[in-house]
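Asks: Pasting in a structure now, in structure tokens, and then I'll have a few things to ask.
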Amino acid sequence: MNSSTIKNYPTDDVRWKNVYAELSKYAFSKNSLIQVLHTVQDTFGYLDKKSIHYVAKSLDIPFSQVYGVATFYHYFTLKPPALHTCTICTGTACHIKGADFLLKAVKDNFGVIPCEMTPDGKLAIFTARCLGACGIAPVAIIDNEVVGNLEPEILLSKLNGVLKSVN
């Protein structure tokens, strides 16, 4: 593949230079597909059609094959990430101590269920089977901060506080 053609980035975003450097590091080898997709996702937060087309063209691989890899592996996402995330533990200790009430409160208040994002893209909700903090169950991770001994009102207050900081 002609490197001057490949340097025609999908957008004028300077972060494409990181992706190009990764492609160069692997000499534009088809075998570098997964690593290059990781780099694109790490750089932009997700894989969109433009980035998949760019990788496909750069590695001389059909778009359908690159798209197939991107949708096969759970790690890759085709949607932009939410500004904030909340992962609610649903493991045994958390379940016994009220994780279901936390999930219901989030659904009733924000209209989202696990693996969904609010329409404005500000909050995504996830669940995990165990977060390893059973002693302070029920537990959630809000933007990488572990919060324990949660009750629905406390969780909603924390989430509303995080979301207000966005405005």
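Asks: Going through the DSSP H helices of the chain, which span 30 Å or more along their own axis at the Cα atoms while scoring at least 1.0 as a mean Kyte-Doolittle hydropathy?
Replies: In the chain, no H run is both long and hydrophobic enough.
Asks: Of all DSSP beta bridges located in the chain, what percent are antiparallel, nearest 5?
Replies: 55 percent
Asks: List the cysteines in the chain whose Cβ has no other cysteine Cβ under 4.7 Å from it.
Replies: Unpaired cysteines in the chain: Cys86, Cys115, Cys130, Cys134.
Asks: Based on the Kirkwood radius over alpha-carbon pairs, what is the Stokes-Einstein translational diffusion coefficient of the chain at 20 °C with 1.002 mPa s viscosity, in µm²/s?
Replies: Rounded to a whole number, D works out at 119 µm²/s.
Asks: By per-residue mean of other Cβ atoms within 10 Å, what is the highest-first order of 71-79, 17-25?
Replies: Output ranking for 71-79, 17-25: 17-25, 71-79.
Asks: Find how much the distance from Lys104 to Lys30 grows on full extension, using 0.36 nm per residue of separation minus their present alpha carbon separation; answer in nm with one decimal.
Replies: 22.1 nm
Asks: Counting helices only, and only those DSSP H runs with n ≥ 4, report the 222 nm mean residue ellipticity of the chain as the sum of -39,500 (n - 2.57) divided by its residues, in deg cm²/dmol to the nearest 500.
Replies: -13500 deg cm²/dmol
Asks: Shifting gears a bit: Given a Förster distance of 22 Å, report the FRET efficiency between Val146 and His95 from their Cβ-Cβ distance, rounded to the nearest 0.05.
Replies: 0.80
Asks: Here is a follow-up. If you take all C-alpha pairs in segment 84-164, what percent of them are over 19 Å apart?
Replies: Cα-Cα pairs of segment 84-164 separated by over 19 Å account for 24 percent.
Asks: What order do you get for Phe101, Phe44 when you list them from fewest to most C-beta neighbours inside 10 Å?
Replies: Phe101, Phe44
Asks: log₁₀ I(q)/I(0) of segment 3-78 at q = 0.14, 0.21, 0.22, 0.25 Å⁻¹, via Debye over equal Cα point scatterers, no solvent, to two decimals?
Replies: Calculated log10 I(q)/I(0) at the listed q: -0.36, -0.85, -0.95, -1.27.
Asks: Pull out the extension gain between Leu78 and Asp42, defined as 0.36 nm times the separation in residues minus the alpha carbon to alpha carbon distance; nm, one decimal.
Replies: 11.7 nm
Asks: While we're here: Under a 5 Å amide H to amide H cut-off, with H placed in plane at 1.01 Å, what residues pair with Phe126 once short-range neighbours are removed?
Replies: Sorted by chain and number, the residues that satisfy this are Cys86, Thr87, Ile88, Cys115.
Every read-out reported here was derived from the displayed coordinates using simple, explicitly stated rules and does not represent laboratory data. For clarity, every value in this text was computed on a predicted model and none was experimentally measured. Quick reminder, even Gly has a Cβ in these numbers, built from the backbone with ideal geometry, and neighbours come from all protein chains shown.
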